[in-house]
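In what follows, a single structure is set out as structure tokens and then discussed.
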Amino acid sequence: MVGADRHEVQRCVMCRETCLLAQMKKRGIETHLGAKPIRIEADKVITEREEIPADLVLMMLGLTGPLWLDNTELPRSSGGFAAVANILNVIKGEAPSHNFKAELICIVDTLDTGIVVYRSEKQSVFLPTSKLRHWAKRAFEGLYLKAYRK
């Protein structure tokens, strides 16, 4: 693998889910997972478990799906979304019949390298840092965001 040493690959194969957290720790990024945030103040975040002093807060909330979906009986994914096929079923007067496939693929950009994370119900894959993945993420973002930069 380009940009990955043999030991990093071995560590990542052994630790899978914790590798991304290890990369964040290596970069001095502190994480607080699994506690619901209560409020954010100018200099701290208050969760159900603790108060965390902060100069800068980056927060990633879980997906919940569109609000209009709350007024329907369509089955939802764990992220709160309805399958297009199920919406079409309902429009045709049929019962929703499609199941959801829960998976995630992401290239985490660390400004000079990229890390691929893939998760499905059957497996988790973590590919170690690579400059090639950084440039792939930059290219994708450039193409994707082009429509919004007009």
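Things to note:
- Loop-located GluC sites (Glu not before Pro) in the range 99-150 whose Cβ has at most 16 other Cβ within 10 Å (DSSP): Glu121
- Cβ-derived FRET efficiency at R0 30 Å, Lys146 paired with Asp112, nearest 0.05: 0.85
- Neighbour-count ranking [beta-carbon atoms within 10 angstrom, fewest first] of Lys25, Lys101: Lys101, Lys25
- Extension gain, Ser120 back to Arg49 (0.36 nm per residue minus Cα-Cα distance, nm): 22.6 nm
- Listed residues Ala102, Asn71, Gln123: farthest to the positive end of the dipole of the range 63-136 (Cβ charges): Gln123
Taken together, the values in this text are just the output of simple stated rules run on the coordinates, not laboratory data. Source: prediction; values computed, not measured. Note: ideal-geometry Cβ built from the backbone for every residue, glycine included; neighbour counts use all protein chains shown.
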